[in-house]
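Quick notes on the structure that follows.
The values are calculated or read from the model by the stated rules, or taken from the named source; none is laboratory data. All figures in this text were calculated on a predicted structure; none of them were measured in a lab. Heads up, the Cβs are rebuilt from the backbone with ideal geometry, glycines too, and the neighbour counts pull from every protein chain shown.
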Amino acid sequence: MVNAFADPVVVTGEQNELVLANHSAERLFKSGKDDGPGKARAISMNSALFTAGLSTWNLQRASEPTRELTLVDPIEGDELIFEVISTAATNYRVGAKGTVSVLKNVTELRHVTQELSANIQRLESVDQEIRLERDRLDLVLRNVPDPIIVVDNMNEIVSMNAAAERLFKPPRDPLIQSRQAQVATRNDAKFTTFLARLSLDPAPHRSGELRLTDVDTGEDLDMQVTANEVRDPVGARVATVSVMQDVGRLRELERRRLEQALFDSEKLAATGRLAASIAHEINNPLEAIQNALYLLVKRIPEADPNAKFLAIAMKETERMSRILRQMLGFYRPVADLAPTDLNALIDEAESLVAKRLRERNVKVEKQLQPDLPKIMASADQIKQVILNLVLNAAEAMPKGGLITVSTESHRDAASGFIRTEAVRMQVADTGPGIAEEYVPHIFEPFFSTKREKGTGLGLWVSLGIAQSHGGRLQVRNRPGGGTVFSMTLPIGGPPADAA
């Protein structure tokens, strides 16, 4: 009957001697005369291990019914692990007592368990590394000053850094939550609509500009948004990561830089023109002195004791003349001329002052000729003129208003241009206009209608820039109120004799 069991079954006597074994057990514990020495040693070792195990287990029978025993495969020499279930038995016919043991081979199970345990340890180690990496990434993202937002396929926000939370997540304080929650909700709606519009673009990397509102201050924020899709190994989109950059602040910094450059150029131009004006005024009487000295030198003989003093006077007046010529040549506005798109310069200038204009409640309307020809000009200098005219128009409307900037091709026979083809830009405002008695002086240096706020050099320098390009800058009051500044520039640049 015991041979019907696939597992080894062993019956031992009171002294743990082998009494009966089925075929599976005989393979482990019973050697034959034809067995080699290696197999015989393995069987002997198995018998010794099993007997020692039984002796120990008999002392612990009540507490541990199932034990584990490691034996050796007599044929393969591999290690075998068995779970041993031992039960005391009595042969009532002869009154003999012993133990019946069933050995369950769990070698593969133990190996799988050990491998599984090792894999679990490796997974736990990898999971720990992932958590550490995620914490590091989260720390980095939370310290990035630019807002970063992750949305799912439904454009629902699933993650954001601290900078983004300030725009889309209202504070928990109920006293201030109501207003800021409304602002955050509007920002969320704008961002969702913006992403939906961007999703129509098939490119994986998309960008655009979005205007949001600062939750704390209520200030408008012009954000440049770059959205990148995240795809799984099979190419399906699983998320979209959007990074925002406050280009409004960058434009404000650029505007301040240009304003400082404009102010510096105004000071330099004023210094140069003043020096040139003084040199010109001094040069006229100096030439008269030189002529008089020349006549005296011709009339006084070389042997005359006063001749040497005349020579000194002639030498020094010639030196003064050279210095004055250098001063006259000091102020020569020189700029590199290149084909320039006036419409593009107007767009750039508007973007630089857009925030300031919004704060003053000033709107800008552009009426730009689409096919406006390019002009030979210095882009930086012309941009300075545009900025100066637009900012002056805004300052003329302290309660807000409308600035209209227009461009058109122009031909003016009275302009005096060698090349009659020109372009004209006009900057019109809805302010009170300029007092008629001030209009003739508006382009004079140090003349300002802003009293202590203005330097009186902006329009003077702008006029100089227009003239150095062979053009002109004019002003007139509108009949219904407001002022119009017109700058006309030749397409081909200044005439050769004016360069």
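How about the stretch 417-441: which of its residues are buried (at least 21 other Cβ atoms within 10 Å of the Cβ) and at pLDDT below 85?
Once the filter is applied, which keeps residues that are buried (at least 21 other Cβ atoms within 10 Å of the Cβ) and at pLDDT below 85, the stretch 417-441 yields only PHE417.
Taking the stretch 28-54 as the region of interest, how many residues are buried (at least 17 other Cβ atoms within 10 Å of the Cβ), farther than 20 Å from THR99 by Cβ and out of contact with any helix residue (DSSP H, G or I) (no Cβ under 9 Å at 6 or more places or on another chain)?
Summing the residues that are buried (at least 17 other Cβ atoms within 10 Å of the Cβ), farther than 20 Å from THR99 by Cβ and out of contact with any helix residue (DSSP H, G or I) (no Cβ under 9 Å at 6 or more places or on another chain) in the stretch 28-54 gives 1.
When you check GLU287 against the structure, is it assigned to a helix (DSSP H, G or I) and either modelled with pLDDT of 80 or more or surrounded by 15 or more Cβ atoms within 10 Å (Cβ to Cβ) (or both), yes or no?
No; evaluated as a whole, the condition is false for this residue.
Could you tell me how many of the residues in the stretch 206-236 are surrounded by fewer than 19 Cβ atoms within 10 Å (Cβ to Cβ) and within 23 Å of LEU250 (Cα to Cα)?
Here the count works out to 14.
Could you tell me which numbered condition GLN384 fails, if it satisfies all but one of (1) under 39 Å from the mean Cα position of the chain (by Cα); (2) at pLDDT 90 or above?
Result: GLN384 passes all but (2).
Only one of (1) at pLDDT 85 or above; (2) surrounded by fewer than 17 Cβ atoms within 10 Å (Cβ to Cβ) fails for ASP412. Which number is that?
If we test ASP412 against (1) at pLDDT 85 or above; (2) surrounded by fewer than 17 Cβ atoms within 10 Å (Cβ to Cβ), just (1) comes out false.
Looking at ALA189 and the list (1) within 22 Å of ALA354 (Cα to Cα); (2) at pLDDT 80 or above, which single condition is not satisfied?
Result: ALA189 passes all but (1).
Given ASP347, ASP371, which one is acidic (Asp, Glu), part of a helix (DSSP H, G or I) and at pLDDT 90 or above?
Criteria check complete, one pass: ASP347.
Just one of VAL158, VAL183, VAL215 is in contact (Cβ under 8 Å) with a residue 12 or more places away in the chain, hydrophobic (A, V, I, L, M, F, W, C) and assigned to a strand (DSSP E or B); which is it?
VAL158
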